[in-house]
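Visitor: Have a look at this one before I ask anything.
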Amino acid sequence: MSFVKKLPWTSLLLLIFTYVVFGWLVSVEAHSVWQHTVKNHSLVGAHKSILTLLWVEGVNLNLWDVPWWLLLKGIVYMVLISLVLTAPFQLIKTCYDRWLQSDFRAFISVIVGSFLLVIILGSLDVFVRILVLIAASALARLDLQTASYGEWQAFWLLSMVSLIGYSLGITTQQFLVG
């Protein structure tokens, strides 16, 4: 019971709500992709699937029709954010120190960083969503660290709480709006 008592509930609830909103937005995006696909199928007159025919006749997108890559995108974001925030900083520092020892590698890093900055500025709406997820996860990680949770405990807690919030966001949008 001590494990549950010392959980930082405020930051974990904030993390859940952040991922609920993210899951909701991913589900809305999936719905618009679904409608675009159906519209293109009906315009082209291509082979229509039974699912497409049902949708045209009034059946809306449900949870099983969401494109798998949109769901996978959110899960990959969750795991990467959790891994980056719970990785030991000494390991990250060692990797960067080894990488930046030569001038050529430093030059490549600057070029890649500039390219990433252009991509970030080009798709600012996506980057802002990811930045909000990172901020909420970082707050939860700091609170878990203050409560003296280990790295793996923090990783699993962050991952599970994020997955619960993400799943709640997708299913809530599907059942309330869909």
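The values are calculated or read from the model by the stated rules, or taken from the named source; none is laboratory data. Because the structure is predicted, anything quoted here is derived from the model rather than measured. FYI the Cβ positions are ideal-geometry reconstructions off the backbone, even for glycines, and counts take in every protein chain you see.
Visitor: Quick one: what pairs do we get from the range 143-169, first residue surrounded by fewer than 21 Cβ atoms within 10 Å (Cβ to Cβ), second not in a helix (DSSP H, G or I), C-beta under 6 Å, 6+ apart or different chains?
Guide: Partner pairs satisfying both residue conditions: D143/P8; A147/K6; A147/P8.
Visitor: Any chance the range 72-86 includes a residue that's more than 30 Å from L13 (Cα to Cα) and at pLDDT below 85? Before the answer, list the steps.
Guide: Going residue by residue through the range 72-86, those that are more than 30 Å from L13 (Cα to Cα) are none.
No - not one qualifying residue is present in the range 72-86.
Visitor: Does any residue of the range 100-120 turn out to be within 14 Å of the chain's Cα centre (by Cα) and either under 30 Å from V21 (Cβ atoms) or surrounded by 14 or more Cβ atoms within 10 Å (Cβ to Cβ) (or both)?
Guide: Pass one, the range 100-120, residues within 14 Å of the chain's Cα centre (by Cα): none.
No: zero hits.
Visitor: To continue, here is another question. For the condition under 21 Å from the mean Cα position of the chain (by Cα) and at pLDDT 85 or above, what is the one hit in D143, D125?
Guide: Values: D125 fails: at pLDDT 85 or above.
Going through D143, D125 in turn, the sole match is D143.
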